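The values are calculated or read from the model by the stated rules, or taken from the named source; none is laboratory data. Worth saying up front: this structure is predicted, and the values here are computed from it rather than measured. All Cβ positions, glycine included, derive from the backbone under ideal geometry; neighbour counts span all protein chains shown. Surface areas here come from the heavy atoms of the whole protein model, side chains and all, with no ligands, DNA or RNA. Shrake-Rupley method; radii C 1.70, N 1.55, O 1.52, S 1.80 Å.
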Amino acid sequence: MKIKTAEFVVSNQDVDKCPKNHIPEYAFIGRSNVGKSSLINMLTSRKNLAKTSGRPGKTQLINHFIINSNWYLVDLPGYGYARVSKSSKKTFQKFITEYFEQRQQLVCAFVLVDVRHEPQPIDLNFMEWLGEHSIPFCIIFTKADKLKPKAIENHVEAYKQIMLETWEDMPQYFITSSSKGIGQEELLEYIDTINNSLNS
Ligand code: GDP
């Protein structure tokens, strides 16, 4: 898929205020600093579509972007940050869970994890929650340029082993690097294939 257009539509904290039309949407979520903004910019070949974060957790909004006039890319707030107060963390959890529970248009959630790190409980718990709510998701491993190919293989294998303790199969996953442009084609191809299957 070629990205012809990528435009910001709306930001809000209220799932009821998200776009009402039935365009398929794909949500991107992960811990703060995982490289989500960089990945969204890489994916769309735009320098500044999603702002790259100086301060984790600053923007706690559901951000809708429309791509090629036919699908929404949704940038969700990072989770697991330390700098927000308890009460704002609560709001975050509420509107984020409401988003996933209510958004009929959601086709797939992409859960980002840093390929360098051991599997983290917060990510595993979140994926389990998605599973319990029958929300399809994929894993996106980020920052692959920071490891050698063999180390990437080992880290992904370790992730698989942990996932297989809970899941029957390892979910679909992608290995990406925003700084090297790795994974862009595969991800866009994946989204394109789903969009085409929804249209047929
Ligand atoms: P977000 O908080 O998840 O949106 O993360 P950002 O996209 O703002 O990235 C957090 C930090 O990781 C920034 O310093 C980025 O430059 C860096 N980063 C993001 N993606 C990559 C990547 O693919 N490779 C490398 N080496 N650094 C990255």
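Please compute the per residue accessible area over the chain with all protein chains in place, 1.4 Å probe, rounded to a whole number of Å².
Per residue, the chain has an accessible area of 53 Å².
Quick one: accessible surface of Arg103, probe radius 1.4 Å, all protein chains present, in square angstrom to the nearest 10.
30
In a shell of Cβ-Cβ distance under 11 Å around Val113, excluding Val113 itself, what net charge do Lys and Arg (+1) and Asp and Glu (-1) give?
After counting each charged neighbour, the total is +1.
Quick one: of the DSSP bridges fully inside region 6-195, what percent are antiparallel, nearest 5?
Roughly 40 percent of the DSSP beta bridges within region 6-195 come out antiparallel.
Which sequence of Ser200, Ser134, Ser178 reflects their accessible areas, 1.4 Å probe, from the largest down?
Ser200, Ser134, Ser178
Can you give the FRET efficiency for Lys51 and Glu185, using 1/(1 + (r/R0)^6), R0 = 30 Å, r = Cβ-Cβ distance, to the nearest 0.05?
Step by step, r from the Cβ atoms, then E = 0.80.
Could you tell me what percent of the accessible area of region 112-200 is made up of carbon and sulfur, with a 1.4 Å probe and every protein chain present?
Result for region 112-200: 49 percent of the exposed heavy-atom area is carbon or sulfur.
Taking all protein chains together and a probe of 1.4 Å, list Thr166, Thr97, Thr44 from the most accessible to the least accessible.
Thr166, Thr97, Thr44
What does the C-alpha gyration tensor say about the overall shape of region 6-195? Classify as rounded when a/c is under 1.5, otherwise prolate if a/b is larger than b/c, or oblate.
rounded
List the pairs from Lys2/Lys160; Lys2/Lys47; Lys51/Lys148; Lys36/Lys150; Lys47/Lys94; Lys17/Lys94 whose alpha-carbon separation is above 21 Å, in the order I gave them.
Lys2/Lys160; Lys51/Lys148; Lys36/Lys150; Lys47/Lys94
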